[in-house]
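Novice: Dumping the structure here so I can ask a few things about it.
Bear in mind these aren't lab numbers, they're just calculated from the coordinates by the rules spelled out. Predicted, not measured: the structure shown is a model, and the values here were computed from it. Note that we place each Cβ from the backbone using ideal geometry, even for glycine, and neighbour counts take in every protein chain shown.
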Amino acid sequence: VIILVVNTGSSSLKYTVFKGESLQAAGLIEKIGSGQAVYSRVHLQAPKQSEPVSAANHREAITLMLNKIVAEGVVGSVSDIQAVGHRVVHGGPLYKHSVRVDAAVLQNRLGRALAPLHAVNYDGMEACMQVLPGIPHVAVFDTAFHQTMPEYAATYAIPYALTEKYQIRKYGFHGTSHKYVSQRAAMLLGRDPRQCRFITLHLGNGSSIAAVDRGQCVDTSMGMTPLAGVVMGTRAGDLDPAILPFLMQHESWDAAKLEEVLNKQSGILGLSGISNDMRDILKQAGEGHARAKLAVSVFVYSIVKYIGAYWTVMGGIDALIFTAGIGEKSPAIRAAICQQLHGMGVRLHAASNQKTISTEKVISTVFSRCKVFVVPTNEELMIAKETLAVVNG
Ligand code: AMP
């Protein structure tokens, strides 16, 4: 079965083609609608190859993607594609699972309204269905895995009428990744996910942490939007809500400006004044740059506190799982986090941690109270698997 996985951003479109669970090809179109669109084929072991293309809108980009897939021999013809899986960031309160896309999904008013920056996911699905009618399209929501959170974990203490009026609550994101790595870790342990308690650490440019209790998410660090939780590349994460009206008043900012500062100019970038990229920050911190060192410390501390909280929530854990760019590739950050968990009995195997970059591996010693895993995430594969599961009923 050939499955196409599509991820639509505001000016980009990423695709991955799977035959069953085997990756066939991946690529992306960037700068859609700018008059300077670029198509790149992504290769696992070689640099990506790019070329200028014409893509005035997402619909044109989708047609271009299909032409490329055929021209590159990934599929014999477009009719070989049997289903399409779409990444959708915000499913709103309605969707607890991946679903086949129909008019109701496309019109998901709450999903669109709660994440206006990602409403383009819905427009992308609609355009793709127009270009590829007659085959099943499946929406895989970043929020779905977190829908099992108990009400007390997902509810904010604001006037309840507002909670109801706007469906303001914790939704959580990166759900596809948290689900994938928790399932993989259970496999590595040789156990059923329903017998395991995990804390999953998705640490990338956006970061989130989830408490996964016997296969179900019971809490997660992101909130109604992906701005909450731990410190991120450019996002502030948790802060005292009173800082917001304070800044609006004293800097004469409107809501849009505040949103921009907290989403794009804060986090590691705002703290360090250097970069949002952890590689740059670690290098500068190593050379003694005071604010780079501060950025690393604040980042690590914010993560350690969530681990402590979720450890308590679940009454103990079987494993900590590191994933995404920083989690998969930074032994230094993994060591800094686990160092602060020494009192909880976590023992990292220093050599194993150092050697493990983007591979599935246990990096704790036999004396550790819980196992520590590195599991590279694979959201595209998970979307393909979910798509297949929905199509097969
Ligand atoms: P992601 O959002 O999962 O693609 O992760 C991207 C982030 O991973 C980048 O912004 C970097 O900060 C981080 N990253 C990638 N490689 C490394 C590395 N070798 N060491 C530390 N951080 C890294």
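Novice: Restricting to bridges with both residues inside the chain, how much of the DSSP beta-bridge set is antiparallel, in percent to the nearest 5?
Specialist: Rounded to the nearest five, the antiparallel share is 65 percent.
Novice: With the crude spin-label approximation of a point 7 Å out along Cα→Cβ, what separation in nm comes out for A161 versus A255?
Specialist: 1.8 nm
Novice: Using the Cα atoms of the chain, I'd like the radius of gyration and the largest Cα-Cα distance, Dmax, both in angstrom.
Specialist: Just the Cα atoms of the chain yield Rg and Dmax of 21.2, 61 Å.
Novice: Cβ under 14 Å from S221's Cβ, S221 left aside: what net charge do those residues give with Lys, Arg +1 and Asp, Glu -1?
Specialist: Neighbour charge sum, excluding S221 itself: 0.
Novice: Given +1 on the Cβ of Lys and Arg, -1 on the Cβ of Asp and Glu, and no further charges, what dipole in debye does the range 277-393 carry about its Cα centre, rounded to the nearest 20?
Specialist: My answer is approximately 460 debye.
Novice: Let me ask something else. For the range 1-75, state which GluC sites (Glu not before Pro) are in a DSSP loop and have at most 10 other beta carbons lying within 10 Å of their beta carbon.
Specialist: Within the range 1-75, no GluC sites (Glu not before Pro) qualify (loop, at most 10 other Cβ atoms within 10 Å).
Novice: Report relative contact order for the range 280-334 in percent, whole number only (criteria: Cα-Cα under 8 Å, sequence separation at least 6).
Specialist: For the range 280-334, the relative contact order is 19 percent.
Novice: Mind checking the log10 I(q)/I(0) for the range 9-140 at q = 0.20 Å⁻¹? Debye, one equal scatterer per Cα, no solvent, two decimals.
Specialist: So the normalised log intensities work out to -1.25.
Novice: Go through K48/K68; K355/K385; K283/K329; K329/K361 and tell me which ones have a Cα-Cα distance over 19 Å in this structure.
Specialist: Over 19 Å apart, Cα to Cα: K355/K385.
Novice: Among residues other than A295 whose Cβ falls under 14 Å from its Cβ, what is the net charge (Lys/Arg +1, Asp/Glu -1)?
Specialist: With Lys, Arg at +1 and Asp, Glu at -1, the neighbours total +2.
Novice: Grab the beta carbon distance between V366 and Q265, set R0 = 45 Å, and tell me the FRET efficiency rounded to 0.05.
Specialist: Efficiency at R0 = 45 Å is approximately 0.50.
Novice: May I pose another question? Which shape class applies to the range 131-198: rounded if a/c is under 1.5, otherwise prolate when a/b exceeds b/c and oblate if not, where a ≥ b ≥ c are the square roots of the Cα gyration tensor eigenvalues?
Specialist: oblate
Novice: Normalise the Cα radius of gyration of the range 239-300 by 2.2 N^0.38 Å (N = residues in it) and let me know the number.
Specialist: 1.28
Novice: Is the range 261-389 rounded, prolate or oblate when judged by the Cα gyration tensor, a ≥ b ≥ c being the square roots of its eigenvalues, rounded requiring a/c under 1.5 and prolate requiring a/b larger than b/c? Before the final figure, lay out the partial values.
Specialist: Values: a/c = 1.60, a/b = 1.22, b/c = 1.32.
Note, shape of the range 261-389 comes out oblate.
Novice: Once each part is reduced to its C-alpha centroid, what is the distance from the range 216-251 to the range 263-313 in angstrom?
Specialist: 15 Å
Novice: Please give the length that would be gained between Q107 and I357 if that part of the chain were fully extended, namely 0.36 nm times their separation in residues minus their C-alpha to C-alpha distance (nm, one decimal).
Specialist: Full extension of this stretch gives 85.9 nm more.
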